[in-house]
Amino acid sequence: MEVSINQTKLAIVQGDITEQATDAIVNAANPSLMGGGGVDGAIHRAGGPAVLEECKKIIAQQGRLPTGKAVITTGGNLKARYVIHTVGPIWHGGSRSEPEFLKSAYYECLQLATENKLASISFPSISTGAYGYPVDEAARIALSTVFSFLKEQATSLKDVVFVLFDSRTYQSYCSALQEFLSNRP
């Protein structure tokens, strides 16, 4: 499923983000940037030691990555040239600014991609695995943030891809996109 926003194509696919050949893939990281479970562990395993080494340097310089922020490293052994690591919020029922933090995580990734003049970026569904964010709500926030960014910011991005690992998450994002498009003026 895909749509165009200004000069950028937004696509939703089901697949493995570590196989994407976009300029950057986004890692739903933990604050330590040391790898972990889910997409974070998969990206670190596929990217190899070069990704971890750059993460260690970032942590040594600035400390743990705060929720809603993002940093960029090499892609190491990945098809993608870069990995943009972001920390999404842990779901606590929505009362601890989780929507704002999730929006910030997506926005910061898009901003970093633009600053680095990247043409393409692939996102997983941030915070919906171990961090427990409800997928339907997360999909709406992700898509509305990307739409807003692409409409309001000058960007080098030509392709934004949501790469969703399982069919339930994929369907949730497709439904959120259809809902979003039907509610646009």
Test result for TYR170, in contact (Cβ under 8 Å) with a residue 24 or more places away in the chain, of a type in the set (Ser, Thr, Tyr) and assigned to a helix (DSSP H, G or I)
yes
Residue satisfying all of: in the range 76-88; more than 20 Å from SER144 (Cβ to Cβ) and not in a loop (DSSP other than H, G, I, E, B); nearest to the chain's Cα centre (by Cα) among these
HIS85
Quick check on the range 156-168: of everything there that is more than 11 Å from VAL13 (Cβ to Cβ) and crowded, with 22+ Cβ neighbours inside 10 Å, which residue is farthest from the chain's Cα centre (by Cα)?
LEU157
Please pick out the residue among THR73, THR128 that is outside any helix (DSSP H, G or I), closer than 26 Å to ALA21 by Cα and in contact with a Cys (Cβ under 9 Å, 6 or more places away or on another chain).
THR73
Looking at the range 89-108, can you tell me whether even one residue there is without any contact (Cβ under 8 Å) to a residue 12 or more places away in the chain, among the charged types (D, E, K, R) and in a helix (DSSP H, G or I)?
no
Residues of the range 145-155 being exposed (fewer than 15 other Cβ atoms within 10 Å of the Cβ) and outside any loop (DSSP other than H, G, I, E, B), in sequence order, are LYS151, GLU152
Which one is surrounded by the fewest Cβ atoms within 10 Å (Cβ to Cβ), of the residues in the range 20-42 that are assigned to a strand (DSSP E or B) and small (Gly, Ala, Ser)?
ALA28
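Coordinate-derived values only; no laboratory data. Not measured: the values here are computed from a predicted model. Here the Cβ is made from the backbone with ideal geometry for all residues, glycine too, and neighbour counts use every protein chain on show.
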